[in-house]
1. Amide H neighbours of L189 under 5 Å, counting only residues 5+ apart in sequence or on other chains, H built in-plane at 1.01 Å?
2. Only Lys, Arg, Asp and Glu count, each charged at its Cβ (+1, +1, -1, -1), so figure out the dipole size of segment 234-292 about its Cα centre, rounded to 20 debye.
3. Quick one: accessible area per residue over segment 328-370, 1.4 Å probe, rounded to a whole number of Å²?
4. When the convex hull of the Cα atoms of the chain is projected onto a plane and the area is averaged over all directions, what value comes out in nm²?
5. At 1.4 Å probe radius, can you tell me the per residue accessible area of segment 63-202 in Å²?
6. On the principal axes of its Cα set, how long, how wide and how thick is segment 32-110? Give whole Å, largest value first.
7. Considering only P212, P202, P325, give the residue with the highest GNM mean-square fluctuation for the chain, with springs between Cα atoms whenever their separation is below 10 Å.
8. If you take the charge dipole of the chain about its Cα centre, with +1 on Lys and Arg Cβ and -1 on Asp and Glu Cβ, which of A92, H370, L164 is farthest toward its positive end?
Amino acid sequence: MTGGVPVADEAAGGRADPAGRADLRRTGATGAAAAVGTTARRAVATVLVAALIPVAAALLVAVTVLGAPVSLSTRGPWRPTRFAGFLLVYLAVDLTGVLAASALFLRHPRGGPDARDRRAAEAFALLARLLAVLRRTAERLFRLEVDMTPAMLAADAPPDRPLLVLVRHAGLGDSFLLLQILLTQAGLLPHTVLKGVLRADPCLDVLLGRVPHSFLPPARGTAEDAVAGLAAGLRARDALVIFPEGGNFTPLRHGRAIARLRRLGRYRQAARAARLHYVLPPREAGSLAALAAAPTADVVFVAHAGLDVIASPRAAWSFLPFRRPVRVHWWRIPAADIPTGDAARSGWLLGQWERMDRWTAEQAVAATPHV
């Protein structure tokens, strides 16, 4: 029992703590300021997207007309046209998503748990449709083809327990492609942990605000608390999606990750991480928090190869359209087979990343980043 009487006791004859009232006022003011800031950020981003659509359309016409003589004579890949076309579709999808999400909010502005569930279900369905449009566009413009092993879970027969989905982070667009696969092909509802920079996308910012998610770093508390909170609320058909590496693989990041383990005195893990050539050692705090908060969840690991060669816009220009399918490989470990205790789970998690590294090495081409 802490000092002072809770504010809620004032109505029952208790004496309210002035400091407590002040804390609540400060919290309310902070929340109101955050809400105003969020509304302003979304409004500015949406206006910017709307303004860029005619610019992208004009760019598409210009690069197509100007580049046609060269592309026709050399049978070139029409890269400027492909990239400008995808940019135009992406901006149009983004604006459509914001407008549709606003319509969903007007349909269910307030309400209890049932209304929240309806809003979330409609937001997931809208997100699935938008991501499907982007994938079809990438298939046509960039010859995107996905080869998955084993076959994805059937969407009409989702698992009877929640899943923790731990994914390799490599290449542009890997998170969007994975979300589309989970939503459309597997029939799962992804609760995603994302970098805060993605709030700059107004459609993601608004739509994910309707479903369980966490942008990192969180507005309050630690990242581990945010991940644990998401994991604790998982139900059947829900999948908590985490990218434990924290970023795309580069040799520099690989070296820094090993140095960090050594600074922490974890020399054995540092030695194992040094033998990884294509993936970064996982930052385990969030994964361990999720495992502790969702003890009945199975864990799915997802490796992929093919997107890793387009780790930057410059690389995308060089390697798109795709010359081979993007390969995705996943495996599932039942909750009963997951070791107990953070120490054992830490070694087990690194072991799964060693398996991921071996699989990636088998798929790698000369341009794949590695050490």
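The values are calculated or read from the model by the stated rules, or taken from the named source; none is laboratory data. All values reported here derive from a predicted model rather than from experimental measurement. Quick reminder, even Gly has a Cβ in these numbers, built from the backbone with ideal geometry, and neighbours come from all protein chains shown. For the accessible areas, the whole protein counts, side chains as well, though only heavy atoms, and no ligand, DNA or RNA atoms are used. Shrake-Rupley method; radii C 1.70, N 1.55, O 1.52, S 1.80 Å.
1. D238, A239
2. 280 debye
3. That works out to 47 Å² for each residue.
4. Mean orientational projected area (the chain, Cα hull): 23.0 nm².
5. The answer is 49 Å² per residue.
6. Largest first, segment 32-110 extends 59, 24, 16 Å along its Cα principal axes.
7. P325
8. Checking the options against the dipole of the chain, the answer is H370.
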